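Shown next, in structure tokens, is the structure this report addresses.
The values are calculated or read from the model by the stated rules, or taken from the named source; none is laboratory data. In this text the structure is predicted, and so the values were computed from the model without any measurement. Here the Cβ is made from the backbone with ideal geometry for all residues, glycine too, and neighbour counts use every protein chain on show.
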Amino acid sequence: MLCKEDLALYGGKSVRDKKLYYGHQWIDEDDIKAVEKVLRGDYLTCGPQVSALEEKLCKVTEAKYAVACSNGTAALHIAMMAAGVGEGDEVITTPLTFAASSNCALYCNATPVFADVDPETYNISPQSIREKITDKTKAIVAVDFTGQAVCHKEIRAICDEYNLIFIEDAAHAIGTKYDGKPVGSLADMTCFSFHPVKTVTSGEGGAVTTNNKDYYQKLLLAHTHGITHDEDLMEETPEGSWYYEMIDMGYNYRITDIQSALLMSQLDKLKKFSDRRKAIVKRYDEVFSKMPEIIVQKEIPESDTTRHLYIIQLNSEKLTCTRREFFDAMAAENVQCQVHYVPVYWFPVYKRLGHKKGECPNAEKIYLNCMSIPLYPLLSDSDVEDVISAVKKCVEAFRR
């Protein structure tokens, strides 16, 4: 392992004086004013901003229904509940994701099953999905990794053939389109996250979109204690406007009006954010695709991608360093990277369930060689060139 003094020998002065991080939110005065207006109003939660946000999400995604909730993990959980996933069921997903994509099956006492990823796109492989299907399979949670849409046509065909529910984890993919249609209108249910490093943010927040009214009604119940004010769903005749019934088990996964106002303001800038991310990705691709020491993620032609992450893979055959050494060298250049993600089944919780290393070789190889470099709209052209210079400098230092 290289120490700080060793790193200085490789490059001397850093390419930057201040740090760049792999992701960062963009908050402007319009966002602040939108939140301030709510704070000066009557409703901080359970108010009109929530329903307004859901209408806006429907417009953005072209889905019929949207349920906004407290975070992306909650979105996945209520999607599992709406799908009727339970004990004895299996849910196929990818290991190259945040743990919530598979944890949501565990929340419902179901069994996560991991399909491998395509070695070039890093998205879940339809062929690997087919190999993992059993008579217990209930649903597929397909993750739009880094923002690139999954292979919808192939996965939809599999779901139709085996009568499975298609849940898209689009935590990375707000603004992405597949064959010209927005992500959010394609799968049976689509789950979003609005964490600060995502393309748009509400601080914390999430949503599920769907075109299925039955799923929509179940999502509503699941995210608010199983409680309804809908007389058509009640067993008793209401005694007054105050009356409600808890007709199923649910959770407090509500989003606030404060968060909703922020997210609506952010969604007004979605195209601007998307265009800037695409411009940065294009510049990175131009440079890194010509470097044999770096492997860039490939994209399917159907995906018009708003990229949440930009991942480089190190070509270990061309470099003398470990991934950790390259990572630390980038940090010494004041470019703070991240790694996305540790394969989920490597974690102790999943080991105790019987999972072992080696289940998904493609995902594991990508993990061992990858890192995420800075990608967010606030990066200036100069910042982007500094990131490129840092990568080039580290490659030159470690070139085999």
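All but one of (1) free of Cβ contacts under 8 Å to residues at least 24 places away in the same chain; (2) closer than 26 Å to THR176 by Cβ hold for ALA331; which doesn't?
If we test ALA331 against (1) free of Cβ contacts under 8 Å to residues at least 24 places away in the same chain; (2) closer than 26 Å to THR176 by Cβ, just (2) comes out false.
Restricting to the range 15-31, and then to whatever is at pLDDT 95 or above, surrounded by 15 or more Cβ atoms within 10 Å (Cβ to Cβ) and part of a loop (DSSP other than H, G, I, E, B), can you tell me which residue is nearest to the chain's Cα centre (by Cα)?
GLY23
Name the one entry in VAL384, VAL349, VAL395 that is within 25 Å of SER128 (Cβ to Cβ) and either more than 20 Å from the chain's Cα centre (by Cα) or touching a residue at least 40 places away in the same chain (Cβ under 8 Å) (or both).
Unique residue meeting the criteria: VAL349.
With the range 162-232 as the region, which strands (runs of 3 or more DSSP E) entirely inside it contain at least 3 residues that are surrounded by fewer than 24 Cβ atoms within 10 Å (Cβ to Cβ) and of a type outside the set (A, V, I, L, M, F, W, C)?
none
On the given criteria, is ILE92 in contact with a His (Cβ under 9 Å, 6 or more places away or on another chain), closer than 29 Å to LYS213 by Cβ and modelled with pLDDT of 95 or more?
no
Being hydroxyl-bearing (Ser, Thr, Tyr), under 22 Å from THR256 (Cβ atoms) and touching a residue at least 40 places away in the same chain (Cβ under 8 Å): is that true of SER70 here?
So SER70 fits the description; yes.
Of everything in the range 358-400, what is touching a Phe, Trp or Tyr at 6+ places or on another chain (Cβ under 9 Å) and either in a loop (DSSP other than H, G, I, E, B) or charged (D, E, K, R) (or both)? Give them in sequence order.
GLU359, CYS360, GLU364, PRO374, LEU375, TYR376, PRO377, LEU378, LYS393, GLU396 - these are the residues of the range 358-400 that are touching a Phe, Trp or Tyr at 6+ places or on another chain (Cβ under 9 Å) and either in a loop (DSSP other than H, G, I, E, B) or charged (D, E, K, R) (or both).
Does ILE155 satisfy being in contact with an Asp or Glu (Cβ under 9 Å, 6 or more places away or on another chain) and part of a strand (DSSP E or B)?
So ILE155 does not fit the description; no.
When you go through THR201, THR176, THR224, THR228 one by one, which is the residue that is more than 13 Å from LEU57 (Cβ to Cβ) and touching a His at 6+ places or on another chain (Cβ under 7 Å)?
THR201
Quick one: in the range 19-69, which of the residues that are β-branched (Val, Ile, Thr) and in contact with a strand residue (DSSP E or B) (Cβ under 9 Å, 6 or more places away or on another chain) is farthest from VAL281 (Cα to Cα)?
My answer is THR45.
Please tell me if ALA142 is in contact with a Gly (Cβ under 9 Å, 6 or more places away or on another chain) and within 18 Å of PRO343 (Cβ to Cβ).
The answer is no for ALA142.
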